[in-house]
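Take a look at the structure set out below.
Read the figures in this text as sums done on the coordinates, not as results from a lab. Being a predicted model, the structure only gives us computed values, none of them experimental. Here the Cβ positions follow ideal geometry from the backbone for every residue, glycine too, while neighbour counts run over all protein chains shown.
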Protein chains: 2
Amino acid sequence: MSQLQRLTIADSQIQESQISLTAEQSHYLSRVLRLKQGDRFIVLAPHGQGWLAELMPAEVSQQSWIGKILEPVVERTELPIAITLMVALPKGNGLDEVVRQAAELGVTCIAPVVSDRTLLHPSPQKLDRWRRIAQEATEQSERQFVPSILEPVSFMDSLQREVALEQSHAAFLCVTRLASPHLLSCLLSPPSGAIPTTSITIAIGPEGGWTEAEVAQAIDAGFQPVSLGRRIFRAVTAPLVALSLVAAAQEFDSNPTQKV
Amino acid sequence: MSQLQRLTIADSQIQESQISLTAEQSHYLSRVLRLKQGDRFIVLAPHGQGWLAELMPAEVSQQSWIGKILEPVVERTELPIAITLMVALPKGNGLDEVVRQAAELGVTCIAPVVSDRTLLHPSPQKLDRWRRIAQEATEQSERQFVPSILEPVSFMDSLQREVALEQSHAAFLCVTRLASPHLLSCLLSPPSGAIPTTSITIAIGPEGGWTEAEVAQAIDAGFQPVSLGRRIFRAVTAPLVALSLVAAAQEFDSNPTQKV
């Protein structure tokens, strides 16, 4: 299955047992990848469903192609919890690589935020660019689900979204130089009596970290301050360290010899 | 302490209670950072020693400066074990970012290897470039120790170096699509009776992974095959995930409430 091309589609492209392809997708499969009639590929719908499909000429035009759905594809590369990465916008194009790697690592949603120390406000074109990168990374990493990228908002507005969340939600604010527990400690040893976590938000600050006021606001909104270790990470590295730990804490097996 | 400029020096620059500065370092501190006589900075020697120093004019020339050693600096940002990242050379300039992030994450040594699926052989200039990047990243991330970067060798030659290592050494080969235990499982639950680990090698393959022959050779050399989870990472992301887990497994505290 790993050799097959993966294509993300919109819900509107699914028509009974067929997938209509955009002109761009049709061109990509037939001309760039040189797939022929009957060749197989995988289509991924926005909510994580996937199908094995085969390439067929469209009846309406000899130039275009459709996908005939053969069977659903059930893969299990998604994490069992929803992970939101709340990330202060880094300098320049720094978020491009964060989006790409976070998508590989299994993130569900990326919420860029403008913090007190954020220097630049993003242009609207950036959002389209990040969404395209997330889609590409999803296909390459063989996930079923394309992470959503929210419009950048202020850190305060972003915190408001957290306050209303369920008790099964856990929120962590990564801080430096504070006597905070390690993120991995919190992930592996939740407070006794806690409701099992089904969603996690991880907030990562800008270069220079969150301001004291921001840390206080986040704690008010229910965030647990955590450490990522003794070293100082760049703003583009910290999200990946945190997501690596969240994913591993889910997939880690305390009895490795029984793993199949 | 975090505000002070950090400068890595060679052992030969240490002369009793003084640090001689290269013309470039002298220019950087006095002209670029505009430090004045008596301003303080931190110098880091190759083996992890650090000193607080203050800028003084050199007696021999009015244009140049020396550092007067004030006191040793004891910081504890280094991990308590030695970590070697054995990494198959990725495409293009991919290793640049791996070196930068691995240095941030606390790696001790990076051993680039040429694997069966490595496309390009690196030019000698690359090695200088990687060493410069490692040094910059060490200064930025406030570590005491600049990771060494070995000359690229074949994977087989690199495995030979492992065979001779002590029993307190653990070696992990990251593989995809194999029923291998998760790296975090192995890190947190070593085999009972095992000698405590003082050094770890993590081997990360190229795009497309190690060949079957390479996996077999590594197992013969004492490597444990491990998984980094269900998703497929690019060759430049996998090292970061693995090193995040190795570092966290060292610094993680199973009883977070008692952490100071």
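FRET efficiency for the pair A:K91 and A:E16, taken as 1/(1 + (r/R0)^6) with r the Cβ-Cβ distance and R0 = 45 Å, rounds to 0.40. Mean separation of Cα pairs under 8 Å and 6 or more residues apart, divided by the residue count, gives region A:151-230 a relative contact order of 51 percent. The modelled label-to-label distance for the pair B:Q49/B:A179, using points 7 Å beyond Cα in the direction of Cβ, is 5.4 nm. How many lysine pairs are close in the protein assembly as shown, with Cα atoms under 22 Å apart and the two 8 or more places apart or on different chains? Taking the protein assembly as shown as the scope, the lysine pair count is 4.
Loop-resident GluC sites (Glu not before Pro) (DSSP state other than H, G, I, E or B) in region A:1-61 with no more than 16 further Cβ atoms inside 10 Å of their Cβ: A:E16, A:E59. The relative contact order of region A:6-72 comes to 35 percent, based on Cα pairs under 8 Å that sit 6 or more residues apart.
Given a Förster radius of 35 Å and the C-beta distance between A:E59 and A:D128 as r, what FRET efficiency does 1/(1 + (r/R0)^6) yield to the nearest 0.05?
On the way: r = 33 Å, r/R0 = 0.93.
Efficiency computed from Cβ-Cβ geometry: 0.60.
Ranked for footprinting exposure by Cβ neighbours inside 10 Å, fewest first, A:M86, A:M156 give A:M156, A:M86. Build a GNM of chain B with springs between Cα atoms under 10 Å: which of B:A58, B:A194, B:A134 gets the top mean-square fluctuation? Between B:A58, B:A194, B:A134, it is B:A194 that shows the largest mean-square fluctuation. Taking region B:6-72, how much of its Cα-Cα pair set, in percent, is spaced more than 20 angstrom apart? Every Cα pair in region B:6-72 considered, those over 20 Å come to 16 percent.
Taking chain A as a Gaussian network, Cα atoms linked when under 10 Å apart, which of A:W65, A:W130, A:W210 shows the biggest mean-square fluctuation? Of A:W65, A:W130, A:W210, the Gaussian network model singles out A:W65 as fluctuating most. Expressed as a whole percent, how much of the Cα-Cα distance distribution for chain A exceeds 26 Å? Counting every Cα pair in chain A, those more than 26 Å apart make up 48 percent.
Residues with beta-carbon under 15 Å from that of A:I69, excluding A:I69: net charge, scoring Lys, Arg +1 and Asp, Glu -1? Net charge around A:I69: -2. The ratio of the alpha-carbon radius of gyration of the protein assembly as shown to the globular-protein estimate 2.2 N^0.38 Å is 1.05. Taking the charge dipole of region B:82-157 about its Cα centre, with +1 at Lys and Arg Cβ atoms and -1 at Asp and Glu Cβ atoms, the residue from B:F155, B:Q101, B:T118 reaching farthest to the positive side is B:T118. The mean number of partner chain beta-carbon atoms within 10 angstrom of a residue's beta-carbon across peptide B:137-147 is 2. Across region A:85-160, the mean sequence separation of Cα contacts (distance under 8 Å, 6 or more residues apart), normalised by length, yields a relative contact order of 41 percent. Under 5 Å from the amide H of A:T201 lie the amide H atoms of A:T84, A:A170, A:A171, A:F172, each residue being 5 or more positions distant or on a separate chain, with H modelled from the backbone and absent for Pro and chain starts.
The Kirkwood hydrodynamic radius of region B:17-164, based on inverse pair distances between different Cα atoms, is 17.2 Å.
Dividing the summed -39500 (n - 2.57) terms of all DSSP H runs of n ≥ 4 by the residue count of the protein assembly as shown sets its mean residue ellipticity at 222 nm at -8000 deg cm²/dmol. Once the gyration tensor of the Cα atoms in region B:143-260 is diagonalised, the equivalent ellipsoid follows with semi-axes of 24, 18, 16 Å, ordered largest first. Residues considered: A:F233, A:F145, A:F223. Largest GNM mean-square fluctuation over chain A, using C-alpha springs under 10 Å, is found at A:F233.
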